[in-house]
Amino acid sequence: MKEIHGEYKDEYNNIIRGECSACVITIAGADNQMDFSGANIRRSNIVFRSVGCRVVLKKGCNFCGNQVSINRPQAELVMGEKVFMNSAKLHLWNTSKMSVGDNTTFGYSCDFVVSSFSELQIGKDCMFSSYVKINVADDHAIFDVRTGKNLNSSGENKNRHVILGNHVWVCKDAFFLGNSRIGDGSIVGARSLVKGDFPNNCVIAGDPARIIAVDRAWSKVYGSEDIKSCGEEYIMPTVLPEDGTE
C-alpha cells in the first residue's frame, strides 16, 4: 500500500492508523499494529515479516525516507513526539525493542540493528549526526574450543542493550556495540567505537572510546555564549564510578 487515510484493517487483524503518502507498507503476518496518527511519514518503506509487532510514531514525528524491517514476533518500535529521522535503516528482531525520546533528531543514513531479546533506548533531546551505527547484536555464536562454552550469545549475553540518556550528542560515524550505556548530557566523538558504560556530562572519543573530558555541557544553539542554553537540567558535574575509574 502506498497511501493510507484514517485506518486500515485486514482479515489477519493487521491494523494501521494515520495518514501517509508515497510510502510502501508491506505486511506478511498477522496481529501487527502501526499507529502514526499526527506524525508526518513520507517516502518510507516499512516491512512486517512476523506477528504481534507494534510501531508507534507519536505526534509531530517527522519520519521521512526511512527503511524499517520488522523480522520476528513481538518486536516494538516507538518514536516520540517531534523526533526527526531521515533516510535511516532500522532492523528489529524477535521481541526486540527500540524507543526514541521526544525532540531527538538524526542526520542522514544512520543504521540501527536490534537483535532478538535486545533493547535500544535513546532518550529525549538527543542529537545524532550522519552515518551513526548502533548494533545491538552478536547473534553468531563464538565458542571456546577447549570447553565448548558459548562466549557471546547465551545466558546473560543473550539480552543485550544500548541505552543513551537524555541530551546526548553523537557525532558523525560513531559506532555502538551491545551492552553500552551513555549518561545524560554527554558527547560521543566522531568515528568513536563505543562499548561499555560511560557517565553523564563527559566527552568520549576514540577506538575504543574512552573518556577524554569531564564536567562538560553542550548546547544545540550554534555559537551560544550562555551556558543556560544547554538546558539547566543538563548542566551537571560528571559523576564517576565510586572507584574513580574512567
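Figures for the structure shown
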quantity: Positions within the range 129-159 being assigned to a loop (DSSP other than H, G, I, E, B), closer than 17 Å to R181 by Cβ and modelled with pLDDT of 95 or more, in sequence order; calculated: V132
quantity: Complete set of residues in the range 77-104 that are surrounded by fewer than 22 Cβ atoms within 10 Å (Cβ to Cβ), hydroxyl-bearing (S, T, Y) and more than 11 Å from the chain's Cα centre (by Cα); calculated: S87, T95
quantity: Some residue of the range 27-42 being in a loop (DSSP other than H, G, I, E, B), more than 25 Å from F117 (Cβ to Cβ) and hydrophobic (A, V, I, L, M, F, W, C); calculated: no
quantity: Leading residue by the ranking (farthest from the chain's Cα centre (by Cα)) among those in the range 105-125 that are buried (at least 23 other Cβ atoms within 10 Å of the Cβ) and among the β-branched types (V, I, T); calculated: V114
quantity: Test: residue in the range 140-153 that is closer than 20 Å to F198 by Cβ and charged (D, E, K, R); calculated: no
quantity: Tally, over the range 53-64, of residues that are buried (at least 17 other Cβ atoms within 10 Å of the Cβ) and on the phi > 0 side of the Ramachandran plot; calculated: 0
quantity: Any hit, the range 84-100, residues being assigned to a strand (DSSP E or B), of a type in the set (D, E, K, R) and within 20 Å of D125 (Cα to Cα); calculated: yes
quantity: Pairs with Cβ under 6 Å, 6+ apart, first in the range 97-114 and of a type in the set (K, R), second part of a strand (DSSP E or B); calculated: K97/E76; K97/E119
quantity: Which listed residue is touching a residue at least 60 places away in the same chain (Cβ under 8 Å) and either aromatic (F, W, Y) or within 24 Å of A88 (Cα to Cα) (or both), from K124, K220, K195, K133; calculated: K220
quantity: Hits in the range 206-223 - residues which are farther than 12 Å from V168 by Cα, surrounded by fewer than 20 Cβ atoms within 10 Å (Cβ to Cβ) and either of a type in the set (K, R) or modelled with pLDDT of 95 or more (or both); calculated: G206, D207, P208, R210, I211, I212, A213, V214, D215, V221
quantity: Test result for D125, at pLDDT 95 or above, touching a helix residue (DSSP H, G or I) at 6+ places or on another chain (Cβ under 9 Å), of a type in the set (D, E) and more than 17 Å from F175 (Cα to Cα); calculated: yes
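Condition check ((1) out of contact with any Leu (no Cβ under 9 Å at 6 or more places or on another chain); (2) free of Cβ contacts under 8 Å to residues at least 24 places away in the same chain; (3) not in a loop (DSSP other than H, G, I, E, B)) across all residues:
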site: G18; (1), (2), (3): no, no, yes
site: G52; (1), (2), (3): yes, yes, no
site: V55; (1), (2), (3): no, yes, yes
site: K59; (1), (2), (3): yes, yes, no
site: F63; (1), (2), (3): no, no, yes
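Residue-wise test of (1) under 23 Å from A217 (Cβ atoms); (2) among the aromatic types (F, W, Y); (3) buried (at least 20 other Cβ atoms within 10 Å of the Cβ).
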{"site": "M127", "(1), (2), (3)": "yes, no, no"}
{"site": "F143", "(1), (2), (3)": "no, yes, no"}
{"site": "L151", "(1), (2), (3)": "no, no, no"}
{"site": "S154", "(1), (2), (3)": "no, no, no"}
{"site": "I163", "(1), (2), (3)": "yes, no, no"}
{"site": "V170", "(1), (2), (3)": "yes, no, yes"}
{"site": "F176", "(1), (2), (3)": "yes, yes, yes"}
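The values are calculated or read from the model by the stated rules, or taken from the named source; none is laboratory data. This structure is a prediction, so every number in the text was calculated from the model and none was measured. Cβ atoms come from the backbone with ideal geometry, glycine included; neighbour counts cover every protein chain shown.
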